[in-house]
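The values are calculated or read from the model by the stated rules, or taken from the named source; none is laboratory data. Just so it is clear, the model here is predicted, and its values are computed rather than measured. Cβ sites come from the backbone with ideal geometry, for glycine too, and all protein chains shown count toward neighbours. Only protein heavy atoms, including side chains, enter the accessible area calculation; ligands, DNA and RNA are left aside. Shrake-Rupley method; radii C 1.70, N 1.55, O 1.52, S 1.80 Å.
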Amino acid sequence: MKKKFVLFLLWLLIVPVGCKESGSDKKNQKPDTENSPAVVSKTLPLADPYILFFDNMYYIYGTNVGNGFDVYRSKDLEYWERASALSLSHTNSYGESRFWAPEVYYVEKEKRFYMFYSAEEHICVATSDSPLGPFRQDEKKPIREEKGIDTSVFFDEDGKAYLYFVRFTDGNVIWCAELKENLTEIKEETLVQCFKAEEPWELIAPKVVEGPSVFKQNGIYYMLYSANDYKSQDYAVGFAVSESPFGPWKKYEKNPVLHKNDGLVGVGHGAPFYDQDGKMRYVLHAHKSRTEIHPRNTYIVDMAVKDGLISLGGNFVHPVVVSKLPDNI
């Protein structure tokens, strides 16, 4: 009897009863979906995306089919919830169609949000008290009468703001001008060409450089841009550097730095941003697949600057759209 009792104790030590589930129990267990968000779309169908991080929330804007701009929000960059209304509608702005490439900036001194975008190939700016909108133009007119697209603003340390955009002066060409203090007009006398498509990798498709984004580190200005027609699978991202917001700009000799990554094609026209941990990221779009262009979808990738060089890649995030953001994030 004593021998059997000792053996029973040894068995208890070797196989702890009730501590762990067996493999078969796990397989038969139903997944806990109580806190799982209801997925509306496995992709985020925005092109020319831009992310604003404000008050512990991410907001994303981009080109989509329609007469205005959708806005989505997220807490973690993976799950995105669409707002119930357009952030900007044609009823509150210049133009009736071809609304492209919105970027939104919060101006602290005014407690206002500024949206720069193009409509009917004219560059415009609208304002709102909320990142969700509605954004409105007090005067429904473009910044310039001449056609232009792909606006992006850089705010320098001295308080000056610079508008980078594309003019159709020799194909798609990137230009820069200083903005007036009201941020709705440019100082025409400061208008200067940054650069055009000239490098072999930029000339695979029609002459296009576009989608500029400028930031500054250690006194150096960096411009990320895309080249080639967006419909080309060789649409890709390069960068250039300068000691002045006006240039001259020197393109990186080993461009492009993002091209057909992670099985994606037609990658480009994105924008850098800092996530909630202060880490640099880059949001971009890519073709729907290797055989279809539209709808272009949004992706997020790591970004780093080291020894004056920009690297993009790794830790791709494939955002999904959900009916409601999960509470447990």
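Report the label-to-label distance for residue 325 and residue 112 in nanometres (one decimal), using points 7 Å from each Cα along the Cα→Cβ vector.
The two pseudo-label positions are separated by 2.6 nm.
Calculate one ³J(HN,Hα) per residue across segment 75-91 by plugging θ = phi - 60° into the Karplus curve 6.51 cos²θ - 1.76 cosθ + 1.60, and present them in order as whole Hz with x for glycine and proline.
Once θ is set to phi - 60°, the couplings for segment 75-91 become 9, 9, 6, 9, 9, 10, 10, 7, 5, 6, 9, 5, 5, 9, 10, 4, 5 Hz.
Using alpha carbon centroids, what distance separates segment 183-197 and segment 82-144, in Å?
20 Å
Before rounding to the nearest 500, sum -39500 (n - 2.57) across all DSSP H runs of length at least 4 in the chain and divide by the residue total; then give [θ] at 222 nm in deg cm²/dmol.
That calculation yields -1500 deg cm²/dmol at 222 nm.
Skipping prolines and chain starts, which residues have an amide H placed within reach, meaning under 5 Å, of the one on residue 144, given they are 5 or more residues away or on another chain?
Here the answer is 123, since their amide H atoms fall under 5 Å of that of residue 144.
With label points built 7 Å along Cα→Cβ from the Cα atoms of residue 55 and residue 129, find their separation and express it in nm.
1.1 nm
Which whole-Hz couplings ³J(HN,Hα) result when phi for each residue of segment 322-327 is put into the Karplus expression 6.51 cos²θ - 1.76 cosθ + 1.60, θ = phi - 60°, listed in order with x for Gly and Pro?
10, 5, 8, 5, x, 7
When a/c reaches 1.5 or more, the comparison of a/b and b/c decides; with that in mind, is segment 238-329 rounded, prolate or oblate per its Cα gyration tensor?
oblate
Could you list which residues have their amide H under 5 Å from that of residue 101, counting only those 5 or more apart in sequence or on another chain, with H placed in the peptide plane?
Counting only residues 5 or more places away or on other chains, the set is 63.
How much net charge surrounds residue 162 when only other residues with a Cβ under 9 Å from its Cβ are counted (Lys, Arg +1; Asp, Glu -1)?
-1
Got the relative contact order for the chain handy, in percent, Cα pairs under 8 Å and 6 or more residues apart?
Once normalised by length, the contact order is 16 percent.
Between the DSSP loop rule and a limit of at most 10 other Cβ atoms within 10 Å, which trypsin sites (Lys or Arg not before Pro) in segment 49-138 are left?
109, 111
Using the alpha-carbon atoms, what tilt in degrees (0 to 90, nearest 10) does helix 2-14 show relative to the longest principal axis of the chain?
Relative to the chain, helix 2-14 is tipped by roughly 0 degrees.
For the chain, give me the percentage of DSSP beta bridges that are antiparallel, rounded to the nearest 5 percent.
Of those bridges, close to 95 percent are antiparallel.
Using a probe radius of 1.4 Å on heavy atoms only, what accessible surface per residue do you get for the chain? Whole Å² is fine.
Per-residue value: 51 Å².
In nm, what is the difference between 0.36 nm times the number of residues separating residue 91 and residue 76 and their Cα-Cα distance?
Computed gain between residue 91 and residue 76 is 2.2 nm.
Can you give the FRET efficiency to the nearest 0.05 for residue 243 and residue 315, using r as the Cβ-Cβ distance and R₀ = 22 Å?
With a Förster radius of 22 Å, E is 0.10.
Can you pick out the pairs among 187/279; 109/216; 180/250; 109/141; 111/216 whose Cα atoms lie more than 30 Å from each other?
187/279
How large is ³J(HN,Hα), in whole Hz, for each residue of segment 37-50 in order, when computed from phi with the Karplus curve 6.51 cos²θ - 1.76 cosθ + 1.60 and θ = phi - 60°, using x for Gly and Pro?
x, 7, 7, 8, 8, 7, 10, 9, x, 10, 9, 6, x, 9
Of the listed values [x] 0.96; [y] 1.14; [z] 0.99, identify the label whose number matches Rg/Rh (Cα atoms, Kirkwood Rh) calculated from this model.
The value computed from this structure is option [y].
I'd like the carbon and sulfur percentage of the solvent accessible area for the chain, probe radius 1.4 Å, heavy atoms only, ligands and nucleic acids excluded.
Here carbon and sulfur together make up 50 percent of the probe-accessible area.
Residues with amide H under 5 Å of residue 186's amide H, sequence separation 5 or more or different chain, H placed in the peptide plane at 1.01 Å from N; which?
Answer set, sorted by chain and number: 180.
Which residue, 61, 215, 92, has the largest displacement toward the positive end of the dipole of the chain when charges sit on each Cβ (Lys, Arg +1; Asp, Glu -1)?
61
What's the magnitude of the charge dipole for the chain around its Cα centre, counting Lys and Arg as +1 and Asp and Glu as -1 at the beta-carbon? Answer in Debye, nearest 20.
1820 debye
For segment 46-108, max minus min Cα coordinate along each principal axis, in Å, sorted largest first?
Taking max minus min along each principal axis of the Cα atoms, segment 46-108 gives 33, 27, 21 Å.
Could you pull out the GluC sites (Glu not before Pro) across segment 70-131 that fall in loop regions by DSSP (anything but H, G, I, E, B) with no more than 12 other Cβ atoms inside 10 Å?
96, 108, 110
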